[in-house]
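What follows is calculated from the coordinates using simple rules that are stated; it is not laboratory data. Treat the numbers as computed from the prediction; the structure is a model and nothing was measured. Reconstructed Cβ throughout: ideal geometry from the backbone, glycine too, with neighbour counts over all protein chains shown.
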């Protein structure tokens, strides 16, 4: 647990230093850095990990709110770079899920020399139409986070995870996410489309999807992989939107194989 001061407040960061490969993990909407716990525990000894809570999530403060909706994805990418600076990490392989993957793509565009590779889980260059995000923001304002959780969980998880008693813990985490932080992050997603810039992302990439993902269905992640210059694609058969939680063994196996291949 470590605090990094930003102009918008305090960012919660977790850094495990090692003498090998460095991975920077970026969370999905409505989760915190604990979503990577099981994956990090399965990584080879000596690998370094850097994780952080986005603005308005976990133990991080909210970013400033204004009439334009708060902040954008480039601001969140700047937070990742600030966390890397604080940890003394010049370059790393970025691992991002959902909005985390969108943030990772922005980091690769903003500071390509600091990105050795990308692992893009259940994400895209545009995560749905702006109208859908505006509708979700309205629903959260009216109903609150706890009421929204029941409709969001089936978009997160496949049938196997939804039947697992542990799903209740993730529902609680989502329900307790700061409402204004969640709304500001939704607004950031809704204003983002970098599809036309994907050819600029020339680092090797591994794109991951889940057969039961209702948020970024397999055809969406397949399109991302096709539009990136150097991307491989893996789609997990039993997972939904958050395979790092649902199938950490399969996720870490794919991750390690990719990292070892591009490091040869």
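Quick notes on this structure:
- Selected residue (criterion: surrounded by the most Cβ atoms within 10 Å (Cβ to Cβ)) from residues of segment 130-174 that are part of a loop (DSSP other than H, G, I, E, B) and touching a residue at least 24 places away in the same chain (Cβ under 8 Å): 157
- Scanning segment 175-193 for residues that are within 27 Å of residue 234 (Cα to Cα), in a loop (DSSP other than H, G, I, E, B) and in contact with a helix residue (DSSP H, G or I) (Cβ under 6 Å, 6 or more places away or on another chain) yields one hit, 192.
- Only one entry in 88, 46, 20, 78 is under 16 Å from residue 188 (Cβ atoms), without any contact (Cβ under 8 Å) to a residue 40 or more places away in the chain and over 13 Å from the mean Cα position of the chain (by Cα), namely 78.
- The set of residues from segment 3-17 being in contact with a strand residue (DSSP E or B) (Cβ under 7 Å, 6 or more places away or on another chain) and free of Cβ contacts under 8 Å to residues at least 24 places away in the same chain comprises just one member, 3.
- Scanning segment 226-261 for residues that are buried (at least 20 other Cβ atoms within 10 Å of the Cβ), assigned to a helix (DSSP H, G or I) and in contact with a strand residue (DSSP E or B) (Cβ under 8 Å, 6 or more places away or on another chain) yields 243, 244, 246, 251, 255, 258, 259.
- Annotation: of all residues in segment 49-69 being free of Cβ contacts under 8 Å to residues at least 40 places away in the same chain and touching a strand residue (DSSP E or B) at 6+ places or on another chain (Cβ under 7 Å), the one that is surrounded by the fewest Cβ atoms within 10 Å (Cβ to Cβ) is 49.
- Taken as a whole, the condition of being under 17 Å from the mean Cα position of the chain (by Cα), part of a strand (DSSP E or B) and surrounded by 13 or more Cβ atoms within 10 Å (Cβ to Cβ) applies to residue 209.
- The sole residue among 4, 13 that is over 13 Å from the mean Cα position of the chain (by Cα), buried (at least 22 other Cβ atoms within 10 Å of the Cβ) and under 21 Å from residue 79 (Cα atoms) is 13.
- Hey, residue 138 under 30 Å from residue 20 (Cα atoms) and more than 19 Å from the chain's Cα centre (by Cα) or not: no
- Those residues of segment 70-110 which are surrounded by fewer than 18 Cβ atoms within 10 Å (Cβ to Cβ) and part of a loop (DSSP other than H, G, I, E, B), in sequence order: 72, 88, 90, 91
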